[in-house]
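Written below as structure tokens is the structure these notes are about.
The values are calculated or read from the model by the stated rules, or taken from the named source; none is laboratory data. Keep in mind that what you see is a predicted model, and the values were worked out from it rather than measured. Using ideal geometry, Cβ is built from the backbone for each residue, glycine included, and neighbour counts are taken over all protein chains shown.
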Amino acid sequence: MLKGKGIPVFITFIVGTIMIFSFFIPHKPFGDLEKISLNWYSIIAGFTMLLGVDSLIGMHYRKITRRTGNWGYSIVLIAGFTGTVVIGIIETIRLGTAFNEASYFTYIYNYFIVPLQSTMFSLLAFFIASAAYRAFRARNFDATLLLITAIIVMLGRVPLGEQISPNLPKFTEWIMQVPQMAAKRGIGLGISLGALGVSIRILLGIERSYLS
Amino acid sequence: MNIFLKLSKVDRRFIYIFIALVVILPLILKPKFPVVPTKPVQDVYDYVENLPEGSKVMISIDYDAASMPEQQPFLEALLRQLFRNKLKPILVVQWQLGAPLGTTALEKIARETQAIYGVDYINLGYRPGYVAQIVGIGKEIRDYFKTDYRNIPLDSFPIMKNVHNYNDIDLLVGLEAGATYLVWIEYAGGRFKQKIALALNAVSAPDAYYFYQSKQIIGLVGGMKGAAEYEALVGKPDLAVAGMASQSYSHLVIIIFIILGNIAYFVEKSRKAKEGGK
Amino acid sequence: MKKIFFFILSISLFILIFSQEKPILTFLGEDTPDSIVKNFTIDASDIPNDGGGGIELKWDSPEILKDWFISIIRIDEDGKRVLLTTDIPILSKQVRDVNSEEEPDRVIDSKGYNYWGILSKKFITEELLQILLDTFDFKEGLYSFNDDTFFVLSKTQMVYSKASWFNFLRLAVLISLIIISLTFLYYLNLAKKGKDLYIRKINGLDAVEEAVGRSTEMGKPIMYILGIGYVTDIPTIAGLTILGRVAKKVAEYETKILVPSYDPVVMTTAQEVVKEAFTEAGRPDLYNKNDIMYITQDQFGYAAGVDGMMMREKPGAIFLQGLFFAESLILAETGHSIGAIQISGTTETAQLPFFVAACDYTLIGEEMMAASVYLQKEPMMLGSIAAEDFLKVIIMSILVLGFLLSFLGSGLKIEFFKNLFDILYQALQV
């Protein structure tokens, strides 16, 4: 009876059901199940990181050996990767923790990671501008309404709006708390029920496309 | 007429240049903008003001360098207020790459206010597995944080003497760049009735209005604007207030572009209608 | 001479030691000037609805005692004393004594414990603490120690902590669970019997074929981005189920699919999903494990990596299905700039506007959850969607009822409806 996909579906059903029951039963061993499974997940996830590293390094190693397009960047990646790991290990041995103020690891963090991350995030400002420019066209009544609301909120969320009229930020706050919230709660309700549906389909084995 | 048509097909890089200019120029020229606090921010400030001396405030660093401009000014303003009111911050980190940011701000403000490590404040650092940890602190914080961020046992610090679980923490402030706050609300707030205040990046702040409205969080500091309001409330305007001019002008530029884009759209539409009529 | 010197030295040392005042603990009697202190009691009880190993101590905090501190010592049935807490403000009203894996001295189930409370106006010194823990004979009353006075409260009755077999605080959840299960069972049964169930049209999903087809015609690969969720997140699972369908189409069209991943577990799962889809389509030979690769677990590092890949590979169709945060628009705008057809979907409502602005089709929240049903259209799966809709009706009815009750109760101030609203509110509390 239990063949092929049957086995994982059966395991999913049993584990899922136990987890649901354990939500209502604080007594041992049920009460600790959630915590234990979370700990297990952390351990497994830690090991799968090796798979990730293998995939990343493997791909770039192949690019270098086969001299495929832009293979120079792959050298930068592998050098950066090994360099950071080696410095992290050396500094941990030297200073007890790699996050010490004096360590070169912190230096890499402060002068490589911080600016790189900030740059990527700040791109958002530019992309929002170009996307808004394209998307906000008063094509019909709905779109016009959206356009006007967007302009009010954009002004009301910055001190400039306060200077135009003290009522503008208040109106913005109302838009955020009432119409915005109403729509969001509606979508949120649908999402929660959708998530419930996905979970039940997986538990009952109706949904199997995530299985191999 | 022609100019509007060109405008409707404007190269996106043209928009980028304008945005860059209006962000950078105010940062150099520093025009002054008055900052008026909104209610969600005022609520956080008032709640902290009314905490009795010696109350413990847990601060969770759930952001990294990318959100630094939005979160760091608020963190510093909050720490200033805490130390000024003799409240005791306990710092925890859920985003590994945020650890140095939390430590830097804490040490900086502590030095300014001459607060003593282990007595007036403590830094517990990062531990992996945030869901298990947030659930676990409901029982005993030492199950997850046996030591502080420099591996010194918790029990050797006077500040941690009576701190075991959420019962002993008067307020939790989460500085959030992602969705970690949902876990704080679900477990710390829902299960253990912990009072929570949140500071979120502007991009995700609208999502947290749910919880503010349903009083699951006591207040909400949204983005750099929220941080600027908090700086103004604490009475020490700093980086976030300085950023307000950039933000105001960039919003204005986006609005102008949207209006121009619409004019171009209508001009093009009317021209097409005319051509169609021929 | 030496002997005399030593004699004098010993005498003076002797005098020096004994002349120092030794701290003395004195019992000042059972009466206390403050009668409120006398009536102050601690109530100890097992924490209800927990997994055991927890005792809750509660007390009232009269205004007159607001500057006082309380320290509590636990004595177990074998007479062993353990310090529970020192010098916490009376205002805190309660403290919990719970077990911990790290400290063996904590509460264990089915062992009896008494608690002694000590009220003081100042912090208790280490010296006094040692006396209290070692030799002190606990007796209710007022004491003095080194000029400080403190008050020992009467001991609590013996309490036992125990684990509960059911958490009554979650009764409302259990009832909803039963309703949900019955609804699903009913509709699944209906579907099994062959009743025709309807699902509305979802444009974004109808476009999958078009997107894959057009991309193949242009000789470009397809890119599938699962976002920055983990395999424990429902949207990521939903994204993986859609990936299965898309990958099958890709195999049928004999083209290439790229899946850059944020999490190694998601990557491994995605590899299996794609492999299975290719096998199902009869083209296992086309499957290349290396097309589903790990990028990094840094949010913006991932965004940069995927953007770079878009610019180099120029995919003809991009799917953004999963959990997205601030990187959503950074990915979608780049995708738009290279002219790819983009089909996005996420449950993060804050990101939906970005996707709507920059993508050709967007699956809004629950549409994404229903995607695998839509693409497969099996009766059982359709049954589950019908069940979801029925539950939605139930929730909407409760919302309307709540609105009416609160309008009549709080708005028009009719007491009866206000009480009804409060009952409804209490019943739905978790």
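Okay, here's what the table says:
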item	result
Only one of A:R157, A:R201, A:R134, A:R208 that is under 27 Å from the mean Cα position of the chain (by Cα) and touching a residue at least 24 places away in the same chain (Cβ under 8 Å)	A:R208
Enumeration of residues in the range B:128-149 that are more than 26 Å from the chain's Cα centre (by Cα) and not acidic (D, E)	B:K139, B:R142, B:K146, B:T147
Matching residues, the range C:351-360, being surrounded by 21 or more Cβ atoms within 10 Å (Cβ to Cβ) and more than 9 Å from chain A (Cβ to nearest Cβ)	C:Q351, C:F355, C:C359
Residue match in the range C:86-108 (condition: of a type in the set (V, I, T) and at pLDDT 85 or above)	no
Lone unmet requirement of (1) more than 9 Å from chain C (Cβ to nearest Cβ); (2) among the polar types (S, T, N, Q); (3) under 28 Å from the mean Cα position of the chain (by Cα) for A:Q117	(1)
The listed residue being buried (at least 21 other Cβ atoms within 10 Å of the Cβ), modelled with pLDDT under 90 and either within 35 Å of the chain's Cα centre (by Cα) or more than 10 Å from chain A (Cβ to nearest Cβ) (or both), out of C:A340, C:A326	C:A326
Residue that is surrounded by fewer than 19 Cβ atoms within 10 Å (Cβ to Cβ) and under 19 Å from B:V135 (Cβ atoms), where the choices are B:E186, B:E268	B:E186
Test: A:I18 is within 30 Å of C:S110 (Cα to Cα) and more than 7 Å from every other protein chain (Cβ to nearest Cβ)	yes
Single residue of the range B:34-77 satisfying the filter (more than 9 Å from chain A (Cβ to nearest Cβ) and of a type in the set (S, T, Y)) that is farthest from B:Y210 (Cα to Cα)	B:S55
Qualifying positions in the range B:67-84 - closer than 16 Å to B:M244 by Cα and touching a Ser or Thr at 6+ places or on another chain (Cβ under 8 Å)	B:M68, B:P69
Residue check for A:G96: loosely packed, with under 13 Cβ neighbours inside 10 Å and away from chain C (no Cβ under 14 Å)	yes
Hey, B:F266 out of contact with any His (no Cβ under 8 Å at 6 or more places or on another chain), part of a helix (DSSP H, G or I), touching a residue at least 24 places away in the same chain (Cβ under 8 Å) and facing chain A (nearest Cβ under 9 Å) or not	no
Odd one out for C:N146 among (1) more than 30 Å from C:S110 (Cα to Cα); (2) at pLDDT 85 or above; (3) more than 25 Å from the chain's Cα centre (by Cα)	(2)
Only listed residue being modelled with pLDDT under 85 and small (G, A, S), chosen from A:G88, A:G58, A:G83, A:G6	A:G6
Conditions (1) away from chain C (no Cβ under 14 Å); (2) surrounded by fewer than 17 Cβ atoms within 10 Å (Cβ to Cβ): number failed by A:T149	(1)
Selection count, the range B:109-127, where residues are within 20 Å of the chain's Cα centre (by Cα) and within 12 Å of chain A (Cβ to nearest Cβ)	3
Subset of the range B:85-97 (residues that are within 23 Å of B:V183 (Cβ to Cβ), free of Cβ contacts under 8 Å to residues at least 60 places away in the same chain and in contact with an Asp or Glu (Cβ under 7 Å, 6 or more places away or on another chain))	B:L97
Residue within the range A:9-22 that is in contact with a Ser or Thr (Cβ under 8 Å, 6 or more places away or on another chain), in a helix (DSSP H, G or I) and of a type in the set (S, T, Y) present	no
Considering residues of the range B:1-22 that are more than 9 Å from every other protein chain (Cβ to nearest Cβ), surrounded by 15 or more Cβ atoms within 10 Å (Cβ to Cβ) and closer than 26 Å to B:S246 by Cα only, the residue modelled with the highest pLDDT	B:V22
In the range A:176-195, the residues that are more than 7 Å from chain C (Cβ to nearest Cβ), of a type outside the set (K, R) and assigned to a helix (DSSP H, G or I)	A:M176, A:Q177, A:P179, A:Q180, A:M181, A:A182, A:A183, A:G186, A:S192
Spans of helices (runs of 4 or more DSSP H) in the range C:361-430 with at least 1 residues buried (at least 21 other Cβ atoms within 10 Å of the Cβ) and under 32 Å from the mean Cα position of the chain (by Cα)	C:366-369, C:371-376, C:379-406
Filter result for the condition that a residue is buried (at least 24 other Cβ atoms within 10 Å of the Cβ) and closer than 18 Å to A:A45 by Cβ, over C:A270, C:A277, C:A247	C:A270
Residue check, C:L286 of a type outside the set (S, T, N, Q) and away from every other protein chain (no Cβ under 11 Å)	yes
Any strands (runs of 3 or more DSSP E) falling wholly within the range C:57-106 and containing at least 3 residues that are under 21 Å from B:K146 (Cβ atoms)	C:81-89, C:94-98
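Yes or no, residue by residue, for (1) within 8 Å of another protein chain (Cβ to nearest Cβ); (2) within 25 Å of the chain's Cα centre (by Cα); (3) among the small types (G, A, S):
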{"position": "A:P29", "(1), (2), (3)": "no, no, no"}
{"position": "A:D32", "(1), (2), (3)": "yes, no, no"}
{"position": "A:I36", "(1), (2), (3)": "no, yes, no"}
{"position": "A:N39", "(1), (2), (3)": "yes, yes, no"}
{"position": "A:I44", "(1), (2), (3)": "yes, yes, no"}
{"position": "A:M49", "(1), (2), (3)": "yes, yes, no"}
{"position": "A:S55", "(1), (2), (3)": "yes, yes, yes"}
{"position": "A:Y61", "(1), (2), (3)": "no, no, no"}
{"position": "A:R67", "(1), (2), (3)": "no, no, no"}
